[in-house]
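The values are calculated or read from the model by the stated rules, or taken from the named source; none is laboratory data. In this text, all values refer to a predicted model and were calculated from it rather than measured experimentally. In this analysis, Cβ positions are derived from the backbone assuming ideal geometry, glycine residues included, and neighbour counts consider all displayed protein chains. For accessibility, only protein heavy atoms count, side chains too; no ligands or nucleic acids. Shrake-Rupley method; radii C 1.70, N 1.55, O 1.52, S 1.80 Å.
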Amino acid sequence: LLTQCTGPDGDVDVRTLMLSGRPSTVVEFLKRVESVIWDRQFLLTVARRFFGLAPMTARPHDLICILYGCSVPVVLREHTSMRDVIEPAASHGSYFEFIGECYVHGVMDGQAVEAYNGKPPDEVFVIR
């Protein structure tokens with residue numbers, strides 16, 4: 001029973017379940033769940049249209065992007081050059097830090113591109 005493998009905080013002890021003699025299909029499922037959700041946090045977009053899982057290092061105001069060539073959405077964090085703060089008129093440009101992959105329910109199978117009639121807006125990101 002699942003209740004036999006939960007801790008006092010209600011978390012499921014996946015390791016105990018995997019080692020408890022469960023059928024191999026259950027063990028494979030648990031391994032997949034473990035690899036997908038461990039070290040992830042719940043995300044909710046600002047417009048509250050989408051939810052999913054993001055890396056634990058993701059923060060409010062990070063961007064969720066679908067980049068050409070990536071099979072999953074990613075989290076990017078914008079950084080402004082200190083020179084831009086000192087000399088705002090000169091604008092040396094911001095750059096983005098790659099935080100990690102994420103799961104966003106409702107956009108994992110091309111729905112985001114379909115929402116733009118197959119022609120999503122292009123934006124260039126300088127990633128460092």
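Data table
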quantity: Matching residues, segment 97-127, being open to solvent by 100 Å² or more (accessible area, probe 1.4 Å), at pLDDT below 85 and either under 19 Å from residue 62 (Cβ atoms) or among the polar types (S, T, N, Q) (or both); calculated: 117
quantity: Test: residue in segment 14-31 that is in contact with a strand residue (DSSP E or B) (Cβ under 8 Å, 6 or more places away or on another chain) and modelled with pLDDT of 80 or more; calculated: no
quantity: Hey, residue 49 more than 24 Å from residue 111 (Cα to Cα), part of a loop (DSSP other than H, G, I, E, B) and modelled with pLDDT of 80 or more or not; calculated: no
quantity: Pairs with Cβ under 6 Å, 6+ apart, first in segment 26-42 and within 14 Å of residue 11 (Cβ to Cβ), second open to solvent by less than 60 Å² (accessible area, probe 1.4 Å) and assigned to a helix (DSSP H, G or I); calculated: 30/14; 30/17; 30/18; 34/14
quantity: Every residue from segment 32-46 that is open to solvent by 40 Å² or more (accessible area, probe 1.4 Å) and either modelled with pLDDT of 95 or more or of a type outside the set (A, V, I, L, M) (or both); calculated: 32, 35, 38, 39, 40, 41, 42
